[in-house]
Amino acid sequence: MSDRHRPAPAERRDAIAEAVLARGSGTAAEFAERFGVSLMTIHRDLDELERQGVVRKYRGGVTALRSGVFESGVAYRARSMREEKEAIAAAAVELVEPGMAVMLDDSTTALAVGRRLRDLAPLTIVTNFLDGLNLLSAAEGIKLIALGGDHDPLHNSFMGVSCVEMIESLRADLCFVSASAVSGGDVCHREQRVVGVKRAMLRSAVRSVLLVDHTKLGRTALHRVAPLSAFDRVIVDDGASPAALGDLANRQVEYAVAARSRR
C-alpha cells in the first residue's frame, strides 16, 4: 500500500475495530499486511484499542466475543458511525418542542441529540450520561437534571438501583434511547447492567424514540431491553437495507429514515 493511500492511525484503528467486532477476532499479521505497516505499529494500535475497551488482546491478535456481550468504550463509540449519528440526531430533534422534559440515555447517539437541543431552549433535560451533563451544564435555557447512582467508567455514566429509582420518580415528555441490536422484533443490548436503566427510562416517558444506525438492524445481543412495540418511533439512517426497513414495516413499527449529508 502506498503512503498516498495509507489511512491515518485513527482511521486504521477504526477499521481494525470494525473488522474485529464484525468477525469476532483478527491477527496482528493480517492487519499489518492489510494496511502495509509493521507488526510493531499494529501492536500499538491493538494496545490502544484494548485500552479503550474495544477489543481484547491475546498473543498474536485480538478477539471480541461473538455472543454480543462485549461493549466498546465511549471513546470508540463516539468516533464510530459519526455521520449516521448526526443524521439521526437531526431527525430526532424535529420531535422536540420548547418547554418539553426530554430524557437521554448514555448512548453517543443521544449525545448527538443533546448537542442540538442547546438551540431549542427552554427545555428540561434528564440524563445519566456524564458526557451529556458536561455538554449541557452551561447551556442557556436548559434545566438539567442529573441522574445519580454508581459511576460506570466504561460508559462514563451512572447506573444501579439509585439511578433507576430516581428515573421512576420522574415523568418525561420524550425519551431518546439507543441500543446494541434490533432483531426479531426485539431491542437488545450487550450488557445487563445497562438494560435496567433503559427500561426505567421507557416506563418514565410519555413517548419513547429508538435511535439506531443501520448496522444495529438484524444484529443480535444477549440482553433484551424491550419489544419494538414499546417505542413510538424508530429513527435509522439511510444506510438501512430495504430488507431491514421492510422488517420494521411488517412489524407495524413507525420509523423514519434520516438522510446523511452528501459531500
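The values are calculated or read from the model by the stated rules, or taken from the named source; none is laboratory data. Here the structure is a predicted model, which is why all the values come from computation and not from measurement. Here the Cβ is made from the backbone with ideal geometry for all residues, glycine too, and neighbour counts use every protein chain on show. All accessible areas refer to the heavy atoms of the entire protein, side chains included, with ligands and DNA or RNA removed. Shrake-Rupley method; radii C 1.70, N 1.55, O 1.52, S 1.80 Å.
Non-local amide H neighbours of Val126 (under 5 Å, H modeled in plane, Pro and chain starts lacking H): which ones?
Under 5 Å from the amide H of Val126 lie the amide H atoms of Val102, Met103, Leu104, Ile145, each far enough along the sequence or on another chain.
Would you mind getting me the FRET efficiency between Ala29 and Thr220? Use the beta-carbon distance for r and R0 = 25 Å, nearest 0.05.
The calculated FRET efficiency here is 0.30.
How large is ³J(HN,Hα), in whole Hz, for each residue of segment 140-151 in order, when computed from phi with the Karplus curve 6.51 cos²θ - 1.76 cosθ + 1.60 and θ = phi - 60°, using x for Gly and Pro?
Computed from phi, the couplings for segment 140-151 are 6, x, 9, 8, 10, 10, 8, 8, x, x, 7, 6 Hz.
Could you work out how far apart the two model spin labels at Asp119 and Leu39 are, taking each label as a point 7 Å from the Cα in the direction of the beta carbon, and quote it in nm?
For Asp119 paired with Leu39, the spin-label model returns 5.1 nm.
For Ala172, list long-range residues whose amide hydrogen, built 1.01 Å from N in the peptide plane, is under 5 Å from its own amide hydrogen.
Here Ala205, Val206 satisfy the definition.
May I ask you to evaluate 6.51 cos²θ - 1.76 cosθ + 1.60, the Karplus curve with θ = phi - 60°, for each residue of segment 238-244 and list the ³J(HN,Hα) values in order in whole Hz, giving x for glycine and proline?
These are the phi-based 3J(HN,Hα) values: 7, x, 5, 6, x, 5, 5 Hz.
Estimate the FRET efficiency between Glu140 and Asp238 by the formula 1/(1 + (r/R0)^6), using the beta-carbon distance for r and 25 Å for R0, to the nearest 0.05.
0.15
If you add up the charges near Ile42, with Lys and Arg at +1 and Asp and Glu at -1, over every other residue whose beta carbon is less than 12 angstrom from its beta carbon, what do you get?
Net of charged neighbours comes to 0.
Search the structure for amide H atoms under 5 Å from the amide H of Ala256, placed 1.01 Å from N in the peptide plane, and list their residues when 5 or more places away or on another chain.
Correct list: Val234, Ile235, Val236.
Give the shape of segment 160-219 as rounded, prolate or oblate, defined through the alpha-carbon gyration tensor: a ≥ b ≥ c are the square roots of its eigenvalues, a/c under 1.5 means rounded, and otherwise the shape is prolate if a/b is larger than b/c and oblate if not.
Here segment 160-219 falls in the oblate category.
Give me a comma-separated list of calculated 3J(HN,Hα) values for segment 214-224, in order, Karplus coefficients 6.51, -1.76, 1.60 applied at θ = phi - 60°, integers in Hz, x for any Gly or Pro.
For segment 214-224, the Karplus-derived couplings read 4, 5, 7, 6, x, 9, 10, 9, 5, 10, 7 Hz, x marking Gly and Pro.
Considering only lysines 8 or more places apart in sequence, or on different chains, count the pairs in the chain whose C-alpha atoms sit under 27 Å apart.
For the chain, the number of qualifying lysine pairs is 6.
First compute the accessible area of segment 102-176 with a 1.4 Å probe, then give the percent of it belonging to carbon and sulfur atoms.
That share works out to 51 percent.
Just to be sure I understand: of the beta bridges DSSP finds with both ends in the chain, what percent are antiparallel, rounded to 5?
Roughly 40 percent of the DSSP beta bridges within the chain come out antiparallel.
Can you compute the modelled spin-label distance between Glu94 and Glu168, with each label point 7 Å from Cα toward Cβ, in nm?
3.7
Could you report segment 81-122's accessible area per residue, 1.4 Å probe, as an integer in Å²?
39
Sorted by mean Cβ packing within 10 Å, highest first, what order do the peptides 121-130, 251-260 take?
For the peptides 121-130, 251-260, the packing ranking is 121-130, 251-260.
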